[in-house]
Protein chains: 2
Amino acid sequence: MRVELITIGDELLLGFTIDTNSAFLGRELAGLGIEIHRRTTVGDDRAAIAQAVREALDRADGVITTGGLGPTSDDVTMEAVAAALGVELERNEAIVARLEEIWRSRGRSEKLPPANLSQAMLPRGAIILPNNHGTAPGAFVERADKRWVAVLPGVPREMREMFNGSVRDVLAARAPGGTVVRSLAVRTTGIPESRLPALLAELADGVDGMSLAYLPSVEGVDLRLTARGSRPAAADERLRAAARKLSARLEPYAYAEGTTDLAEVVLEACRRAGRRLAVAESCTGGMLGQRLTAIAGSSEVFAGGVIAYDNEVKIELLGVDREQLERHGAVSEEVVTAMATGAKRRFGVDVGVAVTGIAGPGGGSADKPVGTVWIAVATADEIVARQLRLFGDRDEVRRRAAQAALDLVRRSSAGNLGT
Amino acid sequence: MRVELITIGDELLLGFTIDTNSAFLGRELAGLGIEIHRRTTVGDDRAAIAQAVREALDRADGVITTGGLGPTSDDVTMEAVAAALGVELERNEAIVARLEEIWRSRGRSEKLPPANLSQAMLPRGAIILPNNHGTAPGAFVERADKRWVAVLPGVPREMREMFNGSVRDVLAARAPGGTVVRSLAVRTTGIPESRLPALLAELADGVDGMSLAYLPSVEGVDLRLTARGSRPAAADERLRAAARKLSARLEPYAYAEGTTDLAEVVLEACRRAGRRLAVAESCTGGMLGQRLTAIAGSSEVFAGGVIAYDNEVKIELLGVDREQLERHGAVSEEVVTAMATGAKRRFGVDVGVAVTGIAGPGGGSADKPVGTVWIAVATADEIVARQLRLFGDRDEVRRRAAQAALDLVRRSSAGNLGT
């Protein structure tokens, strides 16, 4: 089944809004075995929308539109779709009743303004797609030749709920029912993209007929496997087997499959080892704690931390030696080690993790340029410290530093004992 | 000048990648007075790309493509663009030399593989667009009828640098040179979108001929003014004047214009008042510190903080009374107040800010459901505490809580004395 997507809105063309709806729909449809062949974005212009819908219907079996369903005068998608299909707009009394009810429930005493009634006008013969998170209903219209148009709202939350609530079932019933496109990523960190092909050798271009894409980000490189041409269960099994092969080849850089965050991997390893964790953060300023506490249930492992931004805090709350700090500077092996041990002792936990560095843009020197970061992990058995030279802007340096600190826990005995 | 954009890549259609290039180009071109009239996304398919370029050239004065310039066999954009323009691909020896140099500089002893030479093939007559962050050069090709195609890479960083380095100048020279589309946002927090129109009254639909869009996010609602039809300097002046009108009407919810973060507003107010700040975070787990330290130069105002995730940490590092904590629970006015005063005292600063709450998904009760959060600000003069009932998932509750805590500083005397 060939499907095209049309996303509508001046703000998309002007770049004020990033189109996340397209990615959502692309993934969801691929999971149903439906590939989007083309995507078109047009502004809030009746003629441009109608033209795009007509062209798409000439090429495809079905067309999905998002956006342009609001109550204001620049929301013209329903009219344009009706025009493209050559049908009239009809007032739907069930929708009028619902709009009036919503209007009353918001405590408005006056009558529903006529402008809002535009949201009750649907192309003749349309099936209503309920909107449980907004006022604008969607519509599904089928032509005599079985080609169809599904009209969805542009607000991401409304669009997703409408897709999950009704559109998915409508499309699944029409999907070929055979093969799907599915993907699974192997996540790595601590190795640059350019070094991966040599490490992967014959797996570098794909595994067992599945394609392999390299997706670098600040936190590391994800290797995304994509399986086409299999039925759902077989696709998942092929992906899992291939991911295992890749992970084995990518030791010790691979830390997870799918979308699992490194913080979750670290917490789980500590939990299994019965170890608790505390952090001492200078340049990351709380980012490490935020990453760990983003995971529900982290309180079982994570006790807390000190944001030791000021040097006095490093001395007074973490017990860093003033003389050492003055002699070696805040960004040094001596200080990061003292911070990690200080956090471990101060919070009475098994593992202390510390970060101190120069995130920039200021603060660098010839000796310690911006991007110089020390990380350390302290346990009862050992203290491991590493110096990093990170590139990127302030945000990137901080994110790379937090990720490297988490990875140091994973790769040290602190994170490995439990696995 | 009518311009269309074509973004190329299977991963865009499959939804594995969110298309951020489109938004960047939309904004940049609008700033030059060039509006993108249509955007099309096609997969890595020679015929589909050539067809999309041909159709776009029929409608527009110029076409920009992104993606499909890599060295692998599915990168076919140059071939497809040449085909659409009816010209041959030619090997460019300057690019060959550069590719060989890059290859050698990466320490490869073997010769440049033939596949990589595909990146040296450009449509006849093309101007090379240099790529300083990758191997794939771009191309600018003009037809006899002056219609043109600019071919850019898909990797966002390479694309942006190429645009800024050469494409912007090429297009600016061709832009009509008259009016531009510019925008400016007034940022608000602490007020729901649905209450804004009543507050804005006659400004709710636009100001002085400029349109007004409401952009709600977890952190608040941005009100984006868009000016069309003015020359650059006049557009900026109209926007600034209108933003001032909106901000006055939106007291005390408006905190900044443009993209300024609330953390920056708070730091600046404290800096001017000569006050220093420390945080005590429970449910936000470091997010508040991370927000503040994301701003370069924050060390002048921000001393540090305690991530008091565990209740023992609240007691031992922040001096919260154990009996109070047991009687009222960690999410209570008594505890948040003690946390804020504890942070203020422990760090020897003027302002202590504290957050404690139930971010979910677990931990809620009938009395204190998920989303119950207490925030407090302590200074020498006063202690202000507020209870919030926040909605959303764990990440949303935490982000809303951090934003509300920053806003409490801004609106309390702690943040107001200096303004």
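Taking neighbour counts of Cβ atoms within 10 Å as a proxy for exposure, in what order, fewest first, do B:Met78, B:Met339 appear?
B:Met78, B:Met339
Local charge sum around B:Asn311 (other residues, Cβ-Cβ under 10 Å, Lys/Arg +1, Asp/Glu -1)?
For residues surrounding B:Asn311, the net value is -2.
Under the rule that an exposed site lies in a DSSP loop and has at most 15 other Cβ atoms within 10 Å, name the longest stretch of chain B with no trypsin sites (Lys or Arg not before Pro) of that kind, not counting the sites themselves.
B:147-419
Kindly state, to the nearest 0.05, the FRET efficiency for B:Glu312 paired with A:Ala94, given R0 = 45 Å and r defined as their beta-carbon distance.
Efficiency, rounded to the nearest 0.05: 0.20.
So how strong a dipole does the protein assembly as shown carry about its Cα centre when Lys and Arg Cβ are +1 and Asp and Glu Cβ are -1, to the nearest 20 debye?
Computed charge dipole of the protein assembly as shown: roughly 140 debye.
If you take the charge dipole of chain A about its Cα centre, with +1 on Lys and Arg Cβ and -1 on Asp and Glu Cβ, which of A:Ala254, A:Gly289, A:Trp148 is farthest toward its positive end?
A:Ala254
Note the per residue figure in Å³ for the convex hull of the C-alpha positions in the range A:2-174.
Once divided by residue count, the hull of the range A:2-174 is 109 Å³.
Per-residue mean of other chain beta-carbon atoms within 10 angstrom of the beta-carbon, peptide A:296-305?
The mean count of partner-chain Cβ atoms within 10 Å per residue comes to 6.
Tell me, what HN-Hα J-couplings in whole Hz come from the Karplus equation 6.51 cos²θ - 1.76 cosθ + 1.60 at θ = phi - 60° for each residue of the range A:326-332, using x for Gly and Pro?
My calculation for the range A:326-332 gives 5, 6, 9, x, 5, 9, 7 Hz in order.
Take every DSSP beta bridge with both residues inside chain B and express the antiparallel ones as a percent of the total, to the nearest 5.
Around 60 percent of the beta bridges assigned by DSSP in chain B are antiparallel ones.
Could you give, in nm with one decimal, how far A:Pro176 is from each other copy of that position, shortest first, with labels 7 Å out from Cα toward Cβ?
List, nearest first: 4.6 nm.
Please report the antiparallel percentage of DSSP beta bridges with both residues in the range B:2-174, rounded to the nearest 5.
Here the share of antiparallel DSSP bridges comes out near 35 percent.
Rounded to two decimals, what is Rg over Rh for the range B:176-303 when you use alpha-carbon atoms and the Kirkwood radius?
Rg divided by Rh gives 1.05.
Mind listing the long-range amide H neighbours of A:Ile18? Cut-off is under 5 Å, sequence gap 5 or more, other chains count too, H placed in the peptide plane at 1.01 Å from N.
none
If we hang a label 7 Å off Cα along the beta carbon direction at B:Arg322, how far is it from the matching labels on the other copies, in nm, shortest first?
Label point to label point, same position, other copies: 3.2 nm.
Nearest-5 percent of antiparallel DSSP beta bridges in the protein assembly as shown?
Of those bridges, close to 65 percent are antiparallel.
Could you work out how far apart the two model spin labels at A:Arg59 and B:Ala144 are, taking each label as a point 7 Å from the Cα in the direction of the beta carbon, and quote it in nm?
2.8 nm
At a 10 Å Cβ-Cβ cut-off, how would you order B:Ile307, B:Ile127, A:Ile18, fewest neighbours first?
B:Ile127, A:Ile18, B:Ile307
With the contact rule set at Cα under 8 Å and sequence spacing of 6 or more, what percent relative contact order holds for chain A?
11 percent
Need one value for B:17-30: mean number of C-beta atoms belonging to other chains within 10 Å of its residues' C-beta atoms.
The shielding value for this peptide is 5.
Quick check: Cα centre of the range B:219-259 to Cα centre of the range B:3-34, how many Å?
The range B:219-259 and the range B:3-34 have Cα centres spaced 25 Å from each other.
Would you kindly work out, in nm and rounded to one decimal, the distances from the label point of A:Ile127 to those of the same position in each other copy, ordered shortest first, with label points 7 Å along Cα-to-Cβ?
Sorted ascending, the copy-to-copy spacings read 5.3 nm.
With +1 on each Lys and Arg Cβ and -1 on each Asp and Glu Cβ, and nothing else charged, work out how big the dipole of the range A:2-174 is about its Cα centre, in Debye to the nearest 20.
The dipole of the range A:2-174 has a size of about 360 debye.
Which residues does a label at B:Ala175 reach in the range B:216-245, if reach means a backbone N under 13 Å from a point 7 Å past the Cα toward the Cβ?
B:229-236
Grab the other residues whose beta carbon is less than 15 angstrom from that of A:Asp145, score K and R as +1, D and E as -1, and report the net.
Around A:Asp145, the surrounding residues sum to +4.
With θ set to phi - 60° and the Karplus curve 6.51 cos²θ - 1.76 cosθ + 1.60, what are the ³J(HN,Hα) couplings of the range B:20-35 in order, to the nearest whole Hz, using x for Gly and Pro?
Once rounded to whole Hz, the list reads 8, 4, 4, 5, 4, 5, x, 5, 5, 5, 4, x, 8, x, 10, 9.
Quick one: divide the alpha-carbon radius of gyration of the range A:1-101 by 2.2 N^0.38 Å and tell me what you get.
The reported ratio for this selection is 1.14.
If one computes the Cα centroid of the range A:84-124 and of the range B:136-159, what distance in Å separates the two points?
46 Å
Largest first, please: the extent of the C-alpha atoms of chain A along each principal axis, to the nearest Å.
Answer, in whole Å and largest first: 82, 59, 42 Å.
Work out how much length B:Asn164 to B:Ala201 would gain on full extension: take 0.36 nm times their residue separation and subtract the Cα-Cα distance, in nm to one decimal.
Working it through step by step, the gained length comes to 9.2 nm.
Mind listing the long-range amide H neighbours of B:Arg38? Cut-off is under 5 Å, sequence gap 5 or more, other chains count too, H placed in the peptide plane at 1.01 Å from N.
Those qualifying (amide H under 5 Å, at least 5 residues apart or on another chain) are B:Leu5.
Show me the GluC sites (Glu not before Pro) within the range A:41-132 that DSSP assigns to loop and that have at most 15 other Cβ atoms within 10 Å of their Cβ.
In loop regions of the range A:41-132 (DSSP not H, G, I, E or B), the sparsely surrounded GluC sites (Glu not before Pro) are A:Glu88, A:Glu110.
As an exercise, take the mean of 1/r over every pair of distinct alpha carbons in the protein assembly as shown, invert it, and state the Kirkwood radius in angstroms.
29.2 Å
For A:Asp222, list long-range residues whose amide hydrogen, built 1.01 Å from N in the peptide plane, is under 5 Å from its own amide hydrogen.
Amide H neighbours of A:Asp222, under 5 Å, 5+ apart: A:Thr188, A:Leu215, A:Ser217.
Calculate, in nm to one decimal, what B:Glu396 and B:Thr20 gain on full extension: separation in residues at 0.36 nm each, minus their alpha carbon distance.
Once the chain is fully extended between B:Glu396 and B:Thr20, it gains 133.1 nm.
What's the minimum Cβ distance from chain A to the axis relating it to B, in whole Å, and which residue gives it?
Of all Cβ atoms in A, the one closest to the rotation axis yields A:Gly286, 2.
Applying the Karplus parametrisation 6.51 cos²θ - 1.76 cosθ + 1.60 with θ = phi - 60° to the phi angles of the range B:342-349, what ³J(HN,Hα) value in whole Hz is obtained for each residue in order, glycine and proline being reported as x?
Values per residue, Gly and Pro as x: x, 5, 4, 6, 4, 9, x, 10 Hz.
Put +1 on the Cβ of each Lys and Arg and -1 on the Cβ of each Asp and Glu in the range B:2-174; which of B:Leu57, B:Thr41, B:Gly165 then has its Cα farthest toward the positive end of the dipole?
Projecting each Cα onto the dipole axis, the largest value belongs to B:Gly165.
Quick one: net charge around B:Leu184, please, counting Lys, Arg +1 and Asp, Glu -1 for every other residue with C-beta under 14 Å from its C-beta.
+4
So which chymotrypsin sites (Phe, Trp or Tyr not before Pro) in the range B:300-401 pass both tests, a DSSP loop state and at most 12 other Cβ atoms within 10 Å of the Cβ?
The qualifying sites are B:Phe391.
Under a no-solvent Debye model with one identical scatterer per Cα of the range A:262-416, what's log10 I(q)/I(0) at q = 0.13, 0.15 Å⁻¹?
One equal scatterer on each Cα of the range A:262-416 leads to -0.50, -0.67.
Could you give the dipole magnitude of chain A about its Cα centre, charging the beta-carbon of Lys and Arg +1 and that of Asp and Glu -1, in debye to the nearest 20?
With only Lys, Arg, Asp and Glu charged at Cβ, the dipole is about 900 debye.
Provide the FRET efficiency to the nearest 0.05 for the B:Thr259-A:Thr72 pair, computing r from the beta carbons and using R0 = 25 Å.
Calculated transfer efficiency: 0.50.
Testing the spin-label approximation: label points 7 Å from Cα along Cα→Cβ at B:Met1 and A:Arg272. State their distance in nm.
Modelled inter-label distance: 5.8 nm.
Each reported figure results from applying straightforward, stated rules to the coordinates on display, with no laboratory input. Please read these numbers as outputs of a predicted model, since none were measured by experiment. Counting neighbours? That spans all protein chains shown, and the Cβs are built from the backbone with ideal geometry, glycine included.
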